[in-house]
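Take a look at the structure set out below.
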Amino acid sequence: MCGIAASFSSAGTATALDLKTLDHRGPDGRGEWVSPDGRLWFGHTRLAIVDLSATGAQPMCDAESGNVIVFNGEIYNHAELREQMREAKIAWVGSSDTETLLVGFRLWGEALLQRVRGMFAFAIYEAKEKRLFVARDPLGIKPLYFHACGHGVRLASEMRTLMEGQYFDCSREGISAFLQWGSCPEAALLFPEIKTLAAGHRMIVETTGAIDIRRFWPPQTFPVNRDADAPAQIRALLERSVREHLVADVPVAAFLSGGIDSSVVTALASREMGGTALQTFSIGFPHAQFDETDIAAQVAKRYRTDHHRIEVSDEEAIGFVQEAVENLDAPSIDAINTFIVSRKVAQCGIKVALSGLGADELFGGYPSFRDAPRLRMLARIPAPLRRLTGAFGKAGSRLADLPSGDLISLAVWRRRLWSDAMLRDAGLPISELQTDAPPPWCDDFATISWAELTVYMRQMLLRDSDQMSMASSLELRVPFLDIRLVEYALSLPAKVKTRYGMPKGILIEACRDLLPEQVYNRPKMGFSLPMDTWMRGPLQAFANSGLDEIETRHLLSPDTVGKIRQRFERRAIHWTRLWSLVVLGHYVRKCASSAPSTR
């Protein structure tokens, strides 16, 4: 896991970006490379996980082709890829997956993307063509941002690297999108000059500076899978994924919350490690209603893990909340939990941890799998009728904003923060969220999975997981998002995944023997903080300073901010509505501080 940056100029005047902005992503080393013609500058900060020696350092050059790579992520099948290259009689320099990518690109070119499995964002300078080839993994586990400017392009793992020494104005559309969703949709970042290379896409920057972006995943055709024993197939795919996610030259630990997903990953990882005890971590709070560590301890005991229950006091957690906001590369209302557990685990000397993220999206763990089809029926009722609170109670005004009967839009709509009325009162534009069309094989269940995978997970959970774990120089791995498991789950008919009569029933059936019954037979709780209480007490000053920034920088009118504040104080809105303004205020303050003093 690393931080990458590049600057490409068709005029031959590529300028270096500030690698200090990526030090937290790679504290183990730093490297730079400039092409002979001055068109390209590569920068890299290294978190050494595989091949800890100098042969794993980047930027890395392929002596035979002259190609050069910077790479962020992990390729879990890189040993398998090296075996496929055996007939080419490669004289390997080291054992890193970076070198595997570099040589694989020399042999297979763009077709390499159909062979690799892992999380990645990489850029390769093609020496012969004098052009830049860039790619991002199919699910968007690793981030990659770019800024097309003049005769070239700059790209980096984090937006702050592209914004350092630059001044960009927030767009009204970007502010509106953030307030609607609590994170920035990839197609509507706060700063329109900065773009995201979409998941499953590759980008080629020609020697002239021309940019060509194309999608390489998902495939256009995929068979519907009607396996008679789907749970066994899921179990086999998950076991293989966990085995591959354990490959590293440093110890690998696991987050263990006590929920189904992290417990399954812990169980499988412990079995794979044999006689070596897996290190597991759970975070405890003084508030019993927010603490699942007792269940986690039972799982840890069953698998004899080296378990760490880390107690976090209110005072410490409140400090972490403010620190998390300061470390955001992209604003989000939902990154704090990951920051706290990542920081505490990293403080124990861990560099790699496994997470259970992705299971809810694949196997139906969210209420959206139940609610979206119902909302589709409600969406057929004319909006004026839906506004009648007598018919729908307090939900009436909210239901007035229901989108059309498109299942993806309805599944996503459930997570909306600010309503149309709130946006209109704030003088902000209202625009529909752009979503990826589902692959042609998807039925309703798979379509909702697709919505959760490509919107909520990719544009909030994965982004937050990356920025908050890397803020503490911790690599977070997600075995449920192995591309083979994802494609298999999406290809199963809904009746196969729902026949067990409970959320994530097919996953539970596949892994029932691994865990105590109480792990399966309990409601989904999650890891939550008493933010509403804290915002009225110890976090009030921090919240007020963020709101003041909104007014000072004229992002919204004082009247708008005042109304939202008053509604929060009256408990008329959920705390996340006000918190979105607090985060936005602190974020734009931080961005302004990195800009030049004169415009």
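The values are calculated or read from the model by the stated rules, or taken from the named source; none is laboratory data. Bear in mind that the values here come from a model prediction, so they are computed numbers and not experimental data. Cβ sites come from the backbone with ideal geometry, for glycine too, and all protein chains shown count toward neighbours. Quick note on the areas: whole protein, heavy atoms, side chains included, nothing else; ligands and nucleic acids left out. Shrake-Rupley method; radii C 1.70, N 1.55, O 1.52, S 1.80 Å.
Filtered by the rule that a residue be of a type outside the set (Val, Ile, Thr), assigned to a helix (DSSP H, G or I) and more than 27 Å from Asp37 (Cβ to Cβ), region 75-112 gives His78, Ala79, Glu80, Leu81, Arg82, Glu83, Gln84, Arg86, Glu87, Ala88, Asp97, Ala111. Listed conditions (1) outside any loop (DSSP other than H, G, I, E, B); (2) farther than 23 Å from Arg136 by Cα are all met by Ser465, apart from (2). Across region 411-426, the qualifying residues are those that are assigned to a loop (DSSP other than H, G, I, E, B) and open to solvent by 50 Å² or more (accessible area, probe 1.4 Å), and the one among them that is farthest from Arg565 (Cα to Cα) is Arg414.
Only one entry of Ala54, Ala63, Ala79 meets the criterion of being under 19 Å from Val116 (Cβ atoms) and open to solvent by 40 Å² or more (accessible area, probe 1.4 Å), and that entry is Ala79. Test Ser262 against the criterion of being closer than 20 Å to Leu474 by Cα, in contact with a helix residue (DSSP H, G or I) (Cβ under 9 Å, 6 or more places away or on another chain) and assigned to a loop (DSSP other than H, G, I, E, B), and give yes or no. So Ser262 does not fit the description; no.
For Leu190, are the conditions met, namely being over 23 Å from Leu556 (Cα atoms) and out of contact with any Ser or Thr (no Cβ under 6 Å at 6 or more places or on another chain)? No, not satisfied.
The set of residues in region 513-522 being open to solvent by 10 Å² or more (accessible area, probe 1.4 Å) and outside any helix (DSSP H, G or I) consists of Pro516, Asn521, Arg522. There is no residue in region 430-442 that is part of a helix (DSSP H, G or I), open to solvent by 20 Å² or more (accessible area, probe 1.4 Å) and among the acidic types (Asp, Glu).
The sole residue among Arg536, Arg499 that is basic (Lys, Arg) and modelled with pLDDT of 95 or more is Arg536. In this structure, Pro143 qualifies as farther than 28 Å from Asp444 by Cβ and in a loop (DSSP other than H, G, I, E, B). Among the residues of region 317-324, are any open to solvent by 20 Å² or more (accessible area, probe 1.4 Å) and part of a loop (DSSP other than H, G, I, E, B)? Within region 317-324 (the criterion being open to solvent by 20 Å² or more (accessible area, probe 1.4 Å) and part of a loop (DSSP other than H, G, I, E, B)), the answer is no, since none of the residues qualifies. Any residue that is in a helix (DSSP H, G or I), at pLDDT 90 or above, under 18 Å from Leu481 (Cα atoms) and not aromatic (Phe, Trp, Tyr) - is there at least one of those in region 279-302? Checking region 279-302: not a single residue is in a helix (DSSP H, G or I), at pLDDT 90 or above, under 18 Å from Leu481 (Cα atoms) and not aromatic (Phe, Trp, Tyr).
Sub-7 Å Cβ pairs linking a first residue in region 190-218 that is within 28 Å of Val588 (Cβ to Cβ) to a second residue that is surrounded by 14 or more Cβ atoms within 10 Å (Cβ to Cβ) and hydroxyl-bearing (Ser, Thr, Tyr), at least 6 apart or interchain, are Leu190/Ser171; Pro192/Ser171; Ile194/Tyr145; Lys195/Tyr145; Thr196/Tyr145, ordered by first then second residue. The set of residues in region 273-284 that are open to solvent by 10 Å² or more (accessible area, probe 1.4 Å) and within 23 Å of Asp360 (Cβ to Cβ) contains only Ile283. Quick check on Ser473: is it of a type in the set (S, T, N, Q), closer than 18 Å to Asp261 by Cβ and either at pLDDT 95 or above or not in a loop (DSSP other than H, G, I, E, B) (or both)? No; evaluated as a whole, the condition is false for this residue. Filtering Ala494, Ala541, Ala510, Ala572 for residues that are buried (at least 20 other Cβ atoms within 10 Å of the Cβ) and not acidic (Asp, Glu) leaves a single hit, Ala510. Of the strands (runs of 3 or more DSSP E) entirely within region 151-253, those holding at least 2 residues that are of a type in the set (A, V, I, L, M) and open to solvent by less than 30 Å² (accessible area, probe 1.4 Å) occupy 152-156, 201-205.
Restricting the search to helices (runs of 4 or more DSSP H) fully inside region 326-383 and requiring at least 3 residues that are open to solvent by 10 Å² or more (accessible area, probe 1.4 Å) and over 21 Å from Pro438 (Cβ atoms) gives 336-346.
Cβ-Cβ distances below 7 Å connect the following pairs, each with a first residue in region 468-490 that is at negative phi, a second residue that is open to solvent by less than 10 Å² (accessible area, probe 1.4 Å) and basic (Lys, Arg), and a separation of six or more residues or different chains: Met470/Arg25. Within region 390-404, can one find any residue that is modelled with pLDDT under 90, within 19 Å of Cys184 (Cβ to Cβ) and surrounded by fewer than 18 Cβ atoms within 10 Å (Cβ to Cβ)? Within region 390-404, not a single residue is modelled with pLDDT under 90, within 19 Å of Cys184 (Cβ to Cβ) and surrounded by fewer than 18 Cβ atoms within 10 Å (Cβ to Cβ). Considering only region 12-24, I want to know if a residue exists there that is in contact with a Cys (Cβ under 9 Å, 6 or more places away or on another chain) and buried (at least 23 other Cβ atoms within 10 Å of the Cβ). Looking for residues that are in contact with a Cys (Cβ under 9 Å, 6 or more places away or on another chain) and buried (at least 23 other Cβ atoms within 10 Å of the Cβ), one finds at least one in region 12-24, hence yes. Filter region 1-11 down to the residues that are open to solvent by less than 20 Å² (accessible area, probe 1.4 Å) and among the polar types (S, T, N, Q), then identify the one that is farthest from Glu74 (Cα to Cα). Residue satisfying both the conditions and the ranking: Ser9.
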